[in-house]
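Reading through the structure tokens given below for one structure.
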Amino acid sequence: MDELVYQRKQQESAEEYESRCRRCGACCGAYDGDPCINLEKAADNRYFCKVYNTRLGLQKTISGKSFTCVLIRENLKISPLSFSCCPYNVS
Ligand code: SF4
Ligand code: SF4
């Protein structure tokens, strides 16, 4: 497989993985009373991260607590997510 084809397949695979997200906001604290300061609700009532491209690393919640934003698959390596509605739990 040539390099360009390989890169395109990698990109398609990453996009397919990301498209599984239902944007419920649960993993960003939408329902625990102290969400991430970067979590926003869109007009369609689904959530989005306003710093998505630079999200990884140190972040804060609305109340000022620090935490580290990591890729969802990094959390899954440790244990299943506690959000039963999340499609990544069954992948
Ligand atoms: S809990 Fe799952 S479906 Fe909900 S926003 Fe997080 S990754 Fe997406
Ligand atoms: S920075 Fe991380 S935890 Fe905060 S809204 Fe964005 S993806 Fe969610």
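Take the Cα of residue 23, step 7 Å toward its Cβ, do the same at residue 82, and the gap between the two points is 2.6 nm. Roll a 1.4 angstrom probe over the protein heavy atoms and tell me the percent of accessible area of region 1-74 that is carbon or sulfur. Within region 1-74, the accessible surface is 54 percent carbon and sulfur.
Remark: the chain carries 75 Å² of accessible area per residue (probe radius 1.4 Å; ligands, DNA and RNA excluded). With helices as the sole contributors, the chain gives -8000 deg cm²/dmol at 222 nm; each DSSP H run of n ≥ 4 counts as -39500 (n - 2.57), and the sum is divided by every residue. Here residue 9 is the anchor, and the aspartates and glutamates within straight C-alpha reach of less than 20 Å, apart from those fewer than 8 places off in the same chain, are 18. Modelled label positions at residue 6 and residue 31, each set 7 Å beyond Cα in the direction of Cβ, lie 4.2 nm from each other.
Rolling a 1.4 Å probe over the protein chains gives residue 50 an accessible area of about 110 Å².
Ignoring lysines fewer than eight residues from residue 60 along the same chain, the ones with Cα atoms less than 24 angstrom from its Cα are 41, 50, 77.
In degrees from 0 to 90, rounded to the nearest 10, what is the angle of the helix 3-19 Cα long axis to the longest principal axis of the chain? That works out to roughly 30 degrees.
With θ taken as phi - 60° and the Karplus curve 6.51 cos²θ - 1.76 cosθ + 1.60 applied, the whole-hertz 3J(HN,Hα) list for region 51-57 is 10, 3, 5, 10, 5, 5, x Hz, x standing for glycine and proline. Residue separation of residue 52 and residue 65 scaled by 0.36 nm, minus their Cα-Cα distance, works out to 2.8 nm of gained length. For region 21-79, taking Cα atoms only, Rg and Dmax work out to 11.3, 33 Å respectively. Do you know the relative contact order of the chain, to the nearest whole percent, from alpha carbon pairs under 8 angstrom that are 6+ apart? Relative contact order comes out at 22 percent.
The values are calculated or read from the model by the stated rules, or taken from the named source; none is laboratory data. On a predicted model such as this, the values are computed, not experimentally measured, just so you know. So basically every Cβ, Gly included, is an ideal-geometry build from the backbone, and we count neighbours across all protein chains shown. SASA here: full protein model, heavy atoms, side chains in, ligands and nucleic acids out. Shrake-Rupley method; radii C 1.70, N 1.55, O 1.52, S 1.80 Å.
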